[in-house]
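Asker: Before I ask anything, here is the structure I am working with.
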Amino acid sequence: MDMLRATFIFLFILMVTFPLLCIDSPPDSKPGIVKGEAERPPIQYLIVLSSTVDPLDESAWTESQIQTVEQHVTYLKSLQAAGLLILAGRTQDAESMGLVLLNVETEEEARSIMEGDPAVKSGLFLARLHPYRVALMGTPVKGSLQD
């Protein structure tokens, strides 16, 4: 619970403070002028997934649901191959949720991708879409599917 809370706090701080990084104060202007939209980095889209089945209780999963999750992972890999996926993963605790960060042009495209996910279409996963702006990125992590 503490790790989840810390993650949410970290994400909230990033969302609140990142716009401050986009403030431009040239010497001949007043401080606090926001850069023009053309100069601002594009917005990404974050999908938050929650399972309708307890992800930590293996006995609760049917074979059909397991196959749907396999289709979900294949779908995410296809997004990665197309250059649309920034990251995907899930928390590792009882309040498990998945996060998918997309690099697409429009909210409509992000929503279409979200709704096209086999696990969302089947009702196995519930999904919420959020506009998001990446502030910093690191390198791929050890132990991930691309490692």
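Asker: Report, by residue number, each residue of region 118-147 that is part of a loop (DSSP other than H, G, I, E, B) and surrounded by 13 or more Cβ atoms within 10 Å (Cβ to Cβ).
Answerer: Of all residues in region 118-147, those part of a loop (DSSP other than H, G, I, E, B) come to 122-124, 133-147.
Correct list: Ser122, Leu124, Arg133, Val134, Ala135.
Asker: Given the residues Leu49, Leu76, which is the only one that is closer than 14 Å to Met97 by Cα and in the same structural domain as Val120 (by TED's automatic domain parsing)? Can you show your working first?
Answerer: Working: Leu76 fails: closer than 14 Å to Met97 by Cα.
Going through Leu49, Leu76 in turn, the sole match is Leu49.
Asker: Just need a number here: residues in region 93-112 that are within 18 Å of Pro42 (Cα to Cα) and in contact with a strand residue (DSSP E or B) (Cβ under 7 Å, 6 or more places away or on another chain). So that I can check it myself, show each step before the final result.
Answerer: Quick first cut of region 93-112, residues within 18 Å of Pro42 (Cα to Cα) only: 100-111.
Next, from what is left, pick out any that are in contact with a strand residue (DSSP E or B) (Cβ under 7 Å, 6 or more places away or on another chain): 100-104, 107, 110-111.
Looking only at that region, the number is 8.
Asker: Can you name the residue in region 82-117 that is in a loop (DSSP other than H, G, I, E, B) and closer than 20 Å to Gln71 by Cβ and is also modelled with the lowest pLDDT among such residues? Steps first, answer last, please.
Answerer: Filtering region 82-117 down to residues in a loop (DSSP other than H, G, I, E, B) leaves 82-84, 91-97, 103-106, 117.
From the residues that got through so far, the ones that are closer than 20 Å to Gln71 by Cβ too are 82, 84, 96-97, 117.
Working: Ala82: 97, Leu84: 97, Ser96: 83, Met97: 91, Asp117: 98.
Checked region 82-117; the qualifying residue modelled with the lowest pLDDT is Ser96.
Asker: Considering Arg90, Arg133, which residue is basic (Lys, Arg) and within 15 Å of Tyr45 (Cα to Cα)?
Answerer: Working: Arg90 fails: within 15 Å of Tyr45 (Cα to Cα).
Exactly one of Arg90, Arg133 is basic (Lys, Arg) and within 15 Å of Tyr45 (Cα to Cα), namely Arg133.
Asker: Regarding Val73, is this residue modelled with pLDDT of 95 or more, out of contact with any Asp or Glu (no Cβ under 7 Å at 6 or more places or on another chain), assigned to a loop (DSSP other than H, G, I, E, B) and surrounded by 11 or more Cβ atoms within 10 Å (Cβ to Cβ)? Spell out the reasoning first.
Answerer: Working: modelled with pLDDT of 95 or more: yes; out of contact with any Asp or Glu (no Cβ under 7 Å at 6 or more places or on another chain): yes; assigned to a loop (DSSP other than H, G, I, E, B): no; surrounded by 11 or more Cβ atoms within 10 Å (Cβ to Cβ): yes.
It is false that Val73 is modelled with pLDDT of 95 or more, out of contact with any Asp or Glu (no Cβ under 7 Å at 6 or more places or on another chain), assigned to a loop (DSSP other than H, G, I, E, B) and surrounded by 11 or more Cβ atoms within 10 Å (Cβ to Cβ).
Asker: Still on this structure, I have one more. So how many residues does region 41-59 have that are part of a loop (DSSP other than H, G, I, E, B) and either in contact with a strand residue (DSSP E or B) (Cβ under 8 Å, 6 or more places away or on another chain) or at pLDDT 85 or above (or both)? Reasoning before the result, please.
Answerer: Initially, region 41-59 is screened for residues part of a loop (DSSP other than H, G, I, E, B), giving 41-43, 52-57.
With either in contact with a strand residue (DSSP E or B) (Cβ under 8 Å, 6 or more places away or on another chain) or at pLDDT 85 or above (or both) added as a condition, the list becomes 43, 52-57.
The qualifying residues number 7.
Asker: Kindly indicate whether Leu79 is more than 13 Å from Leu49 (Cα to Cα), buried (at least 17 other Cβ atoms within 10 Å of the Cβ) and not β-branched (Val, Ile, Thr). Working first, answer last.
Answerer: Values: more than 13 Å from Leu49 (Cα to Cα): yes; buried (at least 17 other Cβ atoms within 10 Å of the Cβ): yes; not β-branched (Val, Ile, Thr): yes.
Here the answer is yes, as Leu79 does meet what is asked.
The values are calculated or read from the model by the stated rules, or taken from the named source; none is laboratory data. Since we're looking at a predicted model, the values are computed, not measured. Please note: Cβ atoms are built from the backbone with ideal geometry, for glycine as well, and neighbour counts cover all protein chains shown.
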